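Structure record follows, encoded as C-alpha cells.
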Amino acid sequence: MMETLEKQLRERAAAHGQEHIFRFWEMLSETARQQFLNQIADVDFSLMDRLVNTWVYSEPPEEHFKEIVPVPVIPPVQTGSADAADALHAGEKALRDGRVAAFVVAGGQGTRLGFEGPKGSYPIGPVSGHSLFQYQAEKIRKLQERYGAVMPWYIMVSDSNHDATQSFFLHHGCWGLNREDIFFLRQQMVPCVDRQGKLILEAPGRLATSPNGHGGSIQALVECGALEDAQRRGVDLLCYYQVDNWAAKIADPYFIGYHVLRNASMSSKCHRRNDLREAVGVHCLCDGTYRVIEYSELDLYPQLLQEDDAGEPVFYAGNPAIHILSVPFIQALYQHFESFPWHKAFKKIPFVDAEGRLCRPETPNGYKFETFIFDALRFTKHSPVALEIGRAGEYTPIKQFDGVNSVVTARAAMSEYWAPWFEAAGYAVPRDGNGQCAVPLEVSPAFALCRDEFVEKIRGATLRLDNGIAIHADGSWTPGTPGN
C-alpha cells in the first residue's frame, strides 16, 4: 500500500516540477517514509503552482486606486446615546439567544516571549501567573453566566502547538468551561519555496512549511467541522480575536449589536494609530471597496501617510484584529476561497544541503505564503461596521517580552486599566511621581467584567495594595510580592 501511495505522489510531484523532494528517499526509515508521504499527500500542488507563478516567477501587478478615503467610523460608544442603547439591546439579545461564539487564533508559540509552549499558555498575570487562555476562558464563563446561554469557543491552533494546547486546557479543567463547548481546529500549513520556486526540505524526509495565515481560518472553520458545529447550535456570529491580546472584549454586546442592526456580514473594531508608522494595518475605502492596507505596504499608497494640521494621521483607523464574521459569510468565502488574496514574505528558511545536512541561512533564501483575515472585508456585500475603540481594556497585544507591544507594557496596561476600579471602590492605589500605577493590579474577569460590577462586589473588603494584588474569580485575593 505504501508503494502505491509513493508511486502516486512521485508522479504528482513530477507533474508539477517538484520531483526533487524524493531525493533522500532511500535513506529514510519505513516510519519516516510513511510520515513524509502523509505530508506530501496534504500538499495542494495546483495552489503552489499558482503562488509560485504569481509571486516567484513574476510579481502581481500593483493595485492602483482612483480614490482612497477614510472608512466611515462609528465613534467610541457613548452609553447615553440612542444608537448605543439600540446596539446594546440588539447585542444582548443575540447573546441571550445563543447566536454568538468566540473564535480565537492561537497557533503561535511563545518563543519571542522567552517562553516554551503555546503563546496562549503564557503566564501574563503579574501576580497570579494566570495565562492568556485563562483570562479569556474567564471572560467567556462570565458572559455565559450573565446572558444565560452557552457561548462555544472555537480555537485555531497549529501543527506545532495542537497537542500542547489541548493538554494545557485539560490540565486546568478548561477553567470551569464545558469541554464539549470548546472546539480545536487545526490551521493548514503551506510549503515554503526557494528562489526557483522549488519546495524546500527542512529534513531529508520533511518539507519546510509555515502556517497559511489567519485568513486560513476560513478554510479551517469549514474543513475541521467548526462551522457545522456552529450551525447545529444556532450560532451565526463568530467574534474573532487573537490570543496575544489579553484585553480583548471577546463578545462586546455593543459591537455585536451594531453588526446585527446593520445586517453586516463582517465588522471590525479600529483604534487611533499612535503614529504613521505604527505596525498595524489601516482601514480605508479603495474605490468604494473596504480594505485594510497592511503597514508593510503603506509606502505604496502615500496618501495613507498624510497628517492633518494637528499632526495626526488623516487615515487614523488602525486595525487591532478584532472582528465579527457572520456564519453564512464564512461559508460563502469558503466556496470561492481560490479568489482570496495571498501575500508572500522573503525569509530565512532552514534547509538541507545535497548531503542531507541541515543549513541555517544567514540571509533570506525562500518564500513563505500566507493569507490575512482582514482581506475578507473586500468581499462584504452589506455595510461593514467599523467601531472605534480606546486601547485601555480593549487592545494590548503581546509580541515580545520587552519594548513596544510586549509583556512588560501589557502588565503595566493591566494595572493602569484596573487602578480606577480600585479607586472607585474607595482604595488608595500607590502611584509614582508621574501619576502612574506603581504596583501590579489584577482582576479576574470571572469576578467582574466592568468597573461598576467590581465596585458593587468588592466595596468594604479589607485589601492591601502596598505591593499589588490579584482578585480571583471567587473574590479571594493574593498580594503581590515586594518589588514586583
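Does segment 36-50 contain any residue that is assigned to a helix (DSSP H, G or I), surrounded by 11 or more Cβ atoms within 10 Å (Cβ to Cβ) and β-branched (V, I, T)?
Within segment 36-50, one or more residues are assigned to a helix (DSSP H, G or I), surrounded by 11 or more Cβ atoms within 10 Å (Cβ to Cβ) and β-branched (V, I, T).
Results for (1) under 15 Å from A470 (Cα atoms); (2) within 18 Å of the chain's Cα centre (by Cα); (3) touching a residue at least 60 places away in the same chain (Cβ under 8 Å), shown as yes or no for each residue.
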site	(1), (2), (3)
P384	no, no, yes
I389	no, yes, yes
I398	no, yes, yes
R411	yes, no, yes
M414	yes, no, yes
W418	yes, no, no
W421	yes, no, no
V429	yes, no, no
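Would you confirm whether any residue within segment 213-232 is part of a strand (DSSP E or B), in contact with a strand residue (DSSP E or B) (Cβ under 6 Å, 6 or more places away or on another chain) and buried (at least 17 other Cβ atoms within 10 Å of the Cβ)?
Taking every residue of segment 213-232 in turn, none turns out to be part of a strand (DSSP E or B), in contact with a strand residue (DSSP E or B) (Cβ under 6 Å, 6 or more places away or on another chain) and buried (at least 17 other Cβ atoms within 10 Å of the Cβ).
Just the residues that are out of contact with any helix residue (DSSP H, G or I) (no Cβ under 9 Å at 6 or more places or on another chain), in a loop (DSSP other than H, G, I, E, B) and in contact (Cβ under 8 Å) with a residue 60 or more places away in the chain, please, taken from segment 275-287.
Hit for segment 275-287 is D287, nothing else.
Quick check on V127: is it in a strand (DSSP E or B), crowded, with 19+ Cβ neighbours inside 10 Å and either not small (G, A, S) or not assigned by TED's automatic domain parsing to the domain that holds Y301 (or both)?
No, not satisfied.
Restricting to segment 307-334, name every residue that is at pLDDT below 95 and out of contact with any Pro (no Cβ under 9 Å at 6 or more places or on another chain).
Hits for segment 307-334 are D308, D309, A310, G311, E312, P313.
Of the conditions (1) crowded, with 18+ Cβ neighbours inside 10 Å; (2) free of Cβ contacts under 8 Å to residues at least 24 places away in the same chain, C450 fails just one. Which one is it?
Just one mismatch for C450, condition (1).
Please determine, by comparing only the residues of segment 97-121 that are crowded, with 23+ Cβ neighbours inside 10 Å, not hydrophobic (A, V, I, L, M, F, W, C) and not in a helix (DSSP H, G or I), which one is farthest from the chain's Cα centre (by Cα).
P118
Could you pull out every one of the strands (runs of 3 or more DSSP E) wholly within segment 163-210 that has 3 or more residues that are in contact with a strand residue (DSSP E or B) (Cβ under 7 Å, 6 or more places away or on another chain) and closer than 22 Å to A226 by Cβ?
So the answer is 182-186.
Would you call P191 of a type outside the set (D, E, K, R), in contact with a helix residue (DSSP H, G or I) (Cβ under 7 Å, 6 or more places away or on another chain), modelled with pLDDT of 95 or more and closer than 30 Å to L51 by Cα?
yes
Can you give me the number of residues within segment 71-119 that are hydroxyl-bearing (S, T, Y) and farther than 30 Å from M189 by Cα?
Start the filter on segment 71-119 by keeping residues that are hydroxyl-bearing (S, T, Y), which leaves 79, 81, 111.
Of the ones still in play, those that are also farther than 30 Å from M189 by Cα are 79, 81.
Residues that pass the stated criteria total 2.
Can you name the residue in segment 378-423 that is hydrophobic (A, V, I, L, M, F, W, C), in contact with a Phe, Trp or Tyr (Cβ under 9 Å, 6 or more places away or on another chain) and part of a loop (DSSP other than H, G, I, E, B) and, of all such residues, is farthest from V243 (Cα to Cα)?
V385
Looking only at residues that are at pLDDT below 95 and of a type in the set (S, T, N, Q) in segment 140-161, which one is surrounded by the fewest Cβ atoms within 10 Å (Cβ to Cβ)?
Filtering segment 140-161 for residues at pLDDT below 95 gives 158-161.
From the residues that got through so far, the ones that are of a type in the set (S, T, N, Q) too are 158, 160-161.
Details: S158: 21, S160: 15, N161: 22.
The selected residue is S160.
Just wondering, is there one or more residues in segment 419-427 that are crowded, with 16+ Cβ neighbours inside 10 Å, outside the structural domain of P253 (by TED's automatic domain parsing), touching a Cys at 6+ places or on another chain (Cβ under 8 Å) and within 20 Å of H130 (Cα to Cα)?
yes
Can you pull out every residue in segment 432-455 that is among the charged types (D, E, K, R), under 33 Å from the mean Cα position of the chain (by Cα) and farther than 17 Å from S128 by Cα? Give the derivation first.
Let us first name the residues in segment 432-455 that are among the charged types (D, E, K, R), namely 432, 442, 451-453.
Now narrow it down to the ones that are under 33 Å from the mean Cα position of the chain (by Cα): 442, 451-453.
Passing the criteria: R451, D452, E453.
Got a sec? Which of A321, A354 is of a type outside the set (K, R), assigned to a loop (DSSP other than H, G, I, E, B) and on the phi > 0 side of the Ramachandran plot?
A321
Take A137 and decide whether it is buried (at least 22 other Cβ atoms within 10 Å of the Cβ), touching a His at 6+ places or on another chain (Cβ under 9 Å) and aliphatic (A, V, I, L, M).
So A137 passes the test.
Would you mind finding the one in V100, V157, V104 that is touching a Ser or Thr at 6+ places or on another chain (Cβ under 7 Å), more than 26 Å from G480 (Cβ to Cβ) and in the same structural domain as Q219 (by TED's automatic domain parsing)?
V157
From the list D229, D244, D275, which one is within 21 Å of I140 (Cα to Cα), out of contact with any Leu (no Cβ under 9 Å at 6 or more places or on another chain) and in the same structural domain as S158 (by TED's automatic domain parsing)?
Step by step, each of D229, D244, D275 is checked, and only D229 is within 21 Å of I140 (Cα to Cα), out of contact with any Leu (no Cβ under 9 Å at 6 or more places or on another chain) and in the same structural domain as S158 (by TED's automatic domain parsing).
The values are calculated or read from the model by the stated rules, or taken from the named source; none is laboratory data. Quantities reported herein were computed from a predicted structural model and do not represent experimental measurements. All Cβ positions, glycine included, derive from the backbone under ideal geometry; neighbour counts span all protein chains shown.
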